[in-house]
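**Student:** Below is a structure I'd like to ask you about.
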Amino acid sequence: MEKVLVIGAGGQLGVELTLALREKFGSENVIASDIREPHVLLAESGPFIQLDVMNSNAVAAVVKKESITQIYLLAAILSATGEKNPLWAWDINMKSLMNVLDICVEHKVAKLYWPSSIAVFGNTTPKDDTPQKTVIEPTTVYGISKYAGELWCQYYFEKYGLDVRSMRYPGLISWKSAPGGGTTDYAIDIYIEALKKQSYECFLSEHTYLPMMYMDDAVRATLELMDAPKESIKNRMSYNLAAMSFSPKEISEAIQKRIPEFTISYAPDFRQKIADSWPSKIDDSDARADWGWKPEYDLEKMTDVMLEMLKTVNRI
Ligand code: AKB
């Protein structure tokens, strides 16, 4: 029987991934944890522990007491927030990973999931159809920490045989849980503001193409990667993962088809430079070949769901 610990479960991905893991393994077998108070959807659906991942002894105690077999380490400072306080972001992103890698080895945790990001890529990376293996010179502290983390994951796999798996997520778009300090967050704010005010001022310029993914695809990808037989995981750094690529202009046009009075204006800020250093479109053929990845949502399908769910469930 699997016993799962999700660290950073209160974040944008954490909430939805925890709910999916509870569905799969049974609520009582998936412990959500976060430094913050529990998100309402987590408190209602299973066990929750308030836990600071920087406190290695506290994490180890939970792993031991609960006989944890899988850890999902999702706690991280994202790109935009990280640039405001780089050393703090580096400390949290790296120390959390190193703590958990060591705990997994010491307590024989069978599997670790740790997300990476398209933020590992920088200005010198090919922008279109960015290959799995390419020049990697990240420009943000978040990207540097993710790239260093990928190498550490591979090191722990090779040196200690730890079954650690990872993917480079594009911008994730969801309606159940709020995003936290990313450069791609505009693609969520735009839906909320379209419903609230029928207008949106975008912090990126109109033709900034970025790789994006609807949350259901991201959660399914994570479960599929973790379920794949060990032999098929040929990449122990992090898999490129893709679903769609669009610009602020294109997402605004998709919204206008459904809300004709919606208008967008552009006021790029410091996040433009971050976005400009990232790929427009990712080649994820290794993920497709190794463990059968295939996205289900494109911009039109996602726009239908986002507007409908924000309106009916979140009552915006
Ligand atoms: C961010 O914008 O920082 C994140 C990411 C692409 O990893 N959403």
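The values are calculated or read from the model by the stated rules, or taken from the named source; none is laboratory data. From a predicted model like this one, the values you see are computed outputs, not experimental measurements. Note: areas computed on protein heavy atoms with side chains; ligands, DNA, RNA excluded. Shrake-Rupley method; radii C 1.70, N 1.55, O 1.52, S 1.80 Å.
**Student:** For region 1-41 and region 183-238, what is the separation of their Cα centres, given in Å?
**Tutor:** After rounding, the separation between the Cα centres reads 19 Å.
**Student:** Against the longest principal axis of the chain, how steep is helix 248-258, in degrees 0 to 90 to the nearest 10, with axes from Cα atoms?
**Tutor:** The two axes meet at around 70 degrees.
**Student:** If one takes the longest principal axis of the Cα atoms in the chain, at what angle in degrees, from 0 to 90 and to the nearest 10, does the Cα axis of helix 86-106 lie?
**Tutor:** Rounded to the nearest ten degrees, it is 40.
**Student:** I've got another one for you. Translational diffusion coefficient, Stokes-Einstein: compute it for region 1-134 using the Kirkwood radius over C-alpha pairs as Rh, at 4 °C and 1.567 mPa s, and state it as an integer in µm² s⁻¹.
**Tutor:** In µm²/s, the coefficient is 82.
**Student:** Report, in whole Å, the centroid distance computed from the Cα atoms of region 92-158 and region 264-306.
**Tutor:** So the two Cα centres are separated by 19 Å.
**Student:** Now a separate question. 5 Å is the cut-off here: which amide hydrogens, built 1.01 Å from N in the peptide plane, fall below it relative to V164, excluding neighbours closer than 5 in sequence?
**Tutor:** Amide H to amide H, under 5 Å and 5 or more residues apart or across chains, V164 pairs with L112.
**Student:** Defining a contact as two alpha carbons under 8 Å apart and six or more residues distant in sequence, what relative contact order in percent does region 104-158 show?
**Tutor:** Relative contact order here is 32 percent.
**Student:** Cross-link candidates for K257: which aspartates and glutamates have Cα within less than 18 Å, leaving aside residues fewer than 8 places away along the same chain?
**Tutor:** Result set, ordered by chain and number: D189, E193, E206, D298, E300, D304, E308.
**Student:** Please list, in order along region 237-247, the HN-Hα scalar couplings obtained from phi with the Karplus expression 6.51 cos²θ - 1.76 cosθ + 1.60 (θ = phi - 60°), rounded to whole Hz, x for Gly and Pro.
**Tutor:** Running phi through 6.51 cos²θ - 1.76 cosθ + 1.60 with θ = phi - 60° gives 8, 7, 7, 4, 9, 9, 9, 8, 9, 8, 10 Hz.
**Student:** To the nearest 10 square angstrom, how much accessible area does R165 have with a 1.4 angstrom probe?
**Tutor:** Its heavy atoms expose roughly 0 Å² to the probe.
**Student:** Checking the a/c ratio against 1.5 first, then a/b against b/c, what shape does the Cα gyration tensor give for region 101-168?
**Tutor:** Note, shape of region 101-168 comes out prolate.
**Student:** Any number yet on Rg/Rh for region 87-204, C-alpha, Kirkwood?
**Tutor:** A ratio of 1.05.
**Student:** Next question. In terms of modelled amide H atoms, which long-range or inter-chain residues lie less than 5 Å from the amide H of T208?
**Tutor:** The list, which skips near neighbours in sequence, is K249.
**Student:** A further question on this structure: What span do the alpha-carbon atoms of region 193-253 cover on each of the three principal axes, reported in whole Å from largest to smallest?
**Tutor:** Reported extents, whole Å, longest axis first: 49, 22, 16.
**Student:** With viscosity set to 1.567 mPa s and temperature to 4 °C, compute the Stokes-Einstein D of region 233-307, Rh being the Kirkwood radius across alpha carbon pairs; µm²/s, no decimals.
**Tutor:** In µm²/s, the coefficient is 86.
**Student:** With the convex hull built on the Cα atoms of the chain, state its orientation-averaged projected area in nm².
**Tutor:** The orientation-averaged projected area of the Cα hull of the chain comes to 14.9 nm².
**Student:** Given region 75-204, what count of lysine pairs have C-alpha atoms under 28 Å apart, with each pair 8 or more places apart or on different chains?
**Tutor:** 22
**Student:** Using a 1.4 angstrom probe on heavy atoms only, work out the carbon and sulfur share of the accessible area of region 107-147 in %.
**Tutor:** 56
**Student:** Give the average over all directions of the projected area of the C-alpha convex hull of region 151-266, one decimal, in nm².
**Tutor:** 8.5
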